[in-house]
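A short reminder: the numbers here are calculations on the coordinates, not readings from a lab. Computed from a predicted structure; not experimentally measured. Don't worry about glycine lacking a Cβ; one is built from the backbone with ideal geometry, like all the others, and counts go over all protein chains shown.
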Amino acid sequence: MKKNGLFWVNPFYTKKKVSLRARNFDSERLKVNDKLGNPVMISTILVWRVRDTYKASFDVDNYENFVVVQTDAAVRKLASLYPYDNFADEGLDEDITLRSSVNEVSEALENELEERLEIAGIEVLESRIGYLAYANEIASAMLKRQQATAIVAARHKIVEGAVSMVEMALHQLSEKELVDLDAERRAAMVSNLMVVLCSDKDATPVVNAGTLNH
């Protein structure tokens, strides 16, 4: 009965109230393997409500427990479909990852839950990843890996910029005819400039009062 009013029913009937209000469910943190087999800790936040009271009451034994079990199953399946992160050294070129593609992953999780909970007359209002991290046993190693990847990327930019600056310096010296450099002196200048520009420490200049070879 969903209408307002006064109704007469058989007194031998049993009555059961089913709330149609929206509810929040914050799942436990589960240890699952991502697409690459790395163990990750993941949990989800689900906003749901009963849409079909008949299905919720008669098609499943306990619809609240059904939501819990199916949410855990959906999260485990979702984690196995995507990698935690995209690492270039493994030749992985994934557009969607658990860490960076929040909207895409949330949409995939919502679609999976809607399909699973349809049998119980449950409507999924919103679902998203609530917690995501590497499992403790590999967290330290993966952190070092991420730091190494960031350092390599930064060094790549530094070297690229240094080469451009050296090229500009040599071009301007030649164009303004400030100094006449032969091949040997040119190579020495390039070497010195690259060391100064790419080093992570301040350079210590050395004044050469003699010739280049002394």
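Observations
- Using 0.36 nm per residue and subtracting the Cα-Cα separation, the extra length available between ARG23 and ARG76 on full extension is 16.9 nm.
- FRET E, pair LEU125, GLU104, Förster distance 22 Å, beta-carbon r, rounded to 0.05: 0.75
- Near-label residues of the range 46-76 by backbone N, under 14 Å of a point 7 Å along Cα→Cβ of LYS2: 49-57
- Summing +1 for each Lys or Arg and -1 for each Asp or Glu among the other residues whose beta-carbon sits under 13 angstrom from that of ALA22 gives +2.
- Estimated FRET transfer efficiency when R0 is 45 angstrom, pair SER174-GLN146 (beta carbons, to 0.05): 0.55
- Average projection, convex hull of the Cα set of the range 14-91: 6.5 square nanometres.
- For the chain, the longest site-free run once trypsin sites (Lys or Arg not before Pro) in DSSP loop states with at most 10 other Cβ atoms within 10 Å are removed: 22-200
- Sites excluded, chymotrypsin sites (Phe, Trp or Tyr not before Pro) in DSSP loops with at most 15 other C-beta within 10 Å, longest stretch of the chain: 14-214
- Within the chain, helix-based [θ] at 222 nm, where runs of 4 or more DSSP H residues each add -39,500 (n - 2.57), nearest 500: -15000 deg cm²/dmol
- Answer label for Kirkwood radius over Cα pairs in Å (calculated), chosen among (i) 23.2; (ii) 19.4; (iii) 17.6: (i)
- Projected label distance in nm at LYS16 and GLU167, using a 7 Å step from Cα toward the beta-carbon: 7.5 nm
- Distance histogram in 5 Å bins (all Cα pairs of the range 141-198, percent per bin): 4, 17, 19, 18, 12, 9, 8, 6, 4, 3, 1
- Remark: the VAL47-ALA183 segment gains 41.9 nm on full extension, using 0.36 nm per residue and subtracting the alpha carbon distance.
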